[in-house]
1. What number of residues in the stretch 123-152 are in contact (Cβ under 8 Å) with a residue 60 or more places away in the chain, within 20 Å of Tyr197 (Cα to Cα) and of a type in the set (Lys, Arg)?
2. Evaluate the stretch 57-76: report whether one residue or more is modelled with pLDDT of 55 or more, surrounded by fewer than 16 Cβ atoms within 10 Å (Cβ to Cβ), assigned to a helix (DSSP H, G or I) and touching a Lys or Arg at 6+ places or on another chain (Cβ under 9 Å).
3. Can you tell me which residue is least open to solvent (accessible area, probe 1.4 Å) among those in the stretch 129-141 that are among the hydrophobic types (A, V, I, L, M, F, W, C) and within 15 Å of the chain's Cα centre (by Cα)?
4. List pairs: first in the stretch 104-122 and in a loop (DSSP other than H, G, I, E, B), second surrounded by fewer than 21 Cβ atoms within 10 Å (Cβ to Cβ), Cβ under 6 Å, 6+ apart or cross-chain?
5. Do you know which of the residues in the stretch 177-192 that are assigned to a loop (DSSP other than H, G, I, E, B) and closer than 13 Å to Leu149 by Cα is least open to solvent (accessible area, probe 1.4 Å)?
6. Against the definition (more than 13 Å from the chain's Cα centre (by Cα) and charged (D, E, K, R)), how does Arg88 come out, yes or no?
7. Of the numbered conditions (1) among the polar types (S, T, N, Q); (2) open to solvent by less than 10 Å² (accessible area, probe 1.4 Å); (3) not in a strand (DSSP E or B), Asn144 fails exactly one; give the number of that condition.
8. Is it the case that the stretch 147-163 has a residue that's touching a Gly at 6+ places or on another chain (Cβ under 7 Å), open to solvent by less than 20 Å² (accessible area, probe 1.4 Å) and in a loop (DSSP other than H, G, I, E, B)?
Amino acid sequence: MEHDDPAEALTELRERRLGALELLQAAAGSGLAAYAVWALLLQPGFRRVPLRLQVPYVGASARQVEHVLSLLRGRPGKMVDLGSGDGRIVLAAHRCGLRPAVGYELNPWLVGLARLHAWRAGCAGSVCYLREDLWKVSLRDCRNVSVFLAPSVLPLLEDKLLAELPAGARVVSGRFPLPTWQPVAVIGEGLDRVWAYDVDMDVHHARPAATSCPILPTPGPGSALAPSLPSSQAG
């Protein structure tokens, strides 16, 4: 018997227990919704990048950003974030005096989000977010580089950094270390750990020479950023 009263039908629907088929349909609907979010926000631009070079977006935590800045603060020259996501590292770098600060990100949705954050912070005209493939941009004028990339692409990134960065440049890698380079400093624990590397001045375009690696104390919650290491100067 059909319900003439829509309110009565809605009440019955709410009280009825979901059967197996309905549960399956609900789960499928949730999965499609999650895929739609991925397709809209994270996937655009990936089609232009070979599968082995694709890096999923995972935003840096506040502690990770703090550690990156503690290893770059006070250094002169251009700062770039490769795969800048929602732009939080670039914005924080600009605020602590690393200028110019530039983010390279292929996903147009994340570039738009980064620009929105910069506008809300009153820095829209001061920081730069470019929709670019990080594998194709030139790093020859960059003195400070931050990366939060997957381990699978780091060996290829080493080659690009070594071929393009000027002597005295510093690279800070978050979550995972560069596989063959020797760090000059390490700070943080677990996934919050970051590694600093200096491009060797004397043996440029060769693997950076091994140096002693101080383990810096992790700044406590709410504390000031740890002082940066002395910056290298090109000869």
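The values are calculated or read from the model by the stated rules, or taken from the named source; none is laboratory data. Nothing here was measured: the structure is a model prediction, and the numbers come from that model. No Cβ is skipped: glycine too gets one built from the backbone with ideal geometry, and neighbour counts run over all protein chains shown. The area values use the complete protein model at the heavy-atom level, side chains included, leaving out ligands, DNA and RNA. Shrake-Rupley method; radii C 1.70, N 1.55, O 1.52, S 1.80 Å.
1. Residues in the stretch 123-152 being in contact (Cβ under 8 Å) with a residue 60 or more places away in the chain, within 20 Å of Tyr197 (Cα to Cα) and of a type in the set (Lys, Arg): 1 in total.
2. The answer is yes, given that some residue of the stretch 57-76 is modelled with pLDDT of 55 or more, surrounded by fewer than 16 Cβ atoms within 10 Å (Cβ to Cβ), assigned to a helix (DSSP H, G or I) and touching a Lys or Arg at 6+ places or on another chain (Cβ under 9 Å).
3. Among those that are among the hydrophobic types (A, V, I, L, M, F, W, C) and within 15 Å of the chain's Cα centre (by Cα), it is Leu134.
4. Leu106/Gly45; Leu106/Asp133; Asn107/Pro44; Asn107/Gly45
5. Leu178
6. no
7. Of the numbered conditions (1) among the polar types (S, T, N, Q); (2) open to solvent by less than 10 Å² (accessible area, probe 1.4 Å); (3) not in a strand (DSSP E or B), the odd one out for Asn144 is (3).
8. Yes, some residue in the stretch 147-163 is touching a Gly at 6+ places or on another chain (Cβ under 7 Å), open to solvent by less than 20 Å² (accessible area, probe 1.4 Å) and in a loop (DSSP other than H, G, I, E, B).
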